Amino acid sequence: MFIRDSNNVIVSTVSNFLAAAESKTQYYRLSGTVSNIVMDKNDPTKVNAYGNFDLTDETGTVYVYGLVNFPTYKADGKFSNNKSFESLGIQNGDKITICGLRSSFNGSPQAIESYFVLKN
């Protein structure tokens with residue numbers, strides 16, 4: 001579930017994010033440089049629709065498993081997001097800011113349920 005309240009976001013370096021406990025509710029704001037964007041399996045000329053890539057700052061690198069445009073909520077309170085990663089126009093080498101949850105997969109740390117904040 002995505003947050004609506006920016007008070008629930010901790011501004012963090014990648015190394016502090018990696019040292020944090022996994023959480024399904026605590027979001028972290030990370031800024032860094034994009035690299036190793038995963039390409040589409042069926043069309044390697046296009047980026048993966050989900051937005052999987054590495055984000056690196058001066059303290060380390062974290063794998064981002066999925067990035068979407070900032071979520072919006074309809075009048076009925078239900079989540080709505082029609083923006084794919086590709087529509088954000090992010091490329092390797094871009095400096096961006098995201099918010100995401102601390103998680104892991106097969107023992108490797110990652111940011112999940114992440115949303116795009118801005119291109120720096």
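The values are calculated or read from the model by the stated rules, or taken from the named source; none is laboratory data. Keep in mind that this is a model prediction, so the values were computed, not measured. Note: ideal-geometry Cβ built from the backbone for every residue, glycine included; neighbour counts use all protein chains shown. What goes into the accessible areas is simple: the full protein's heavy atoms, side chains included, and nothing from ligands, DNA or RNA. Shrake-Rupley method; radii C 1.70, N 1.55, O 1.52, S 1.80 Å.
Inside the stretch 7-28, can you point out the residues that are touching a helix residue (DSSP H, G or I) at 6+ places or on another chain (Cβ under 9 Å) and open to solvent by 80 Å² or more (accessible area, probe 1.4 Å)? Hit for the stretch 7-28 is THR25, nothing else. Within the stretch 40-73, the residues that satisfy the criterion of being within 16 Å of ASP94 (Cα to Cα), open to solvent by 20 Å² or more (accessible area, probe 1.4 Å) and out of contact with any helix residue (DSSP H, G or I) (no Cβ under 9 Å at 6 or more places or on another chain) are ASP54, TYR63. Scanning the stretch 105-118 for residues that are surrounded by 13 or more Cβ atoms within 10 Å (Cβ to Cβ) and over 14 Å from VAL68 (Cβ atoms) turns up PRO109, GLN110. Put simply, of SER35, SER108, SER87 the only residue that is at pLDDT 95 or above and over 14 Å from the mean Cα position of the chain (by Cα) is SER108.
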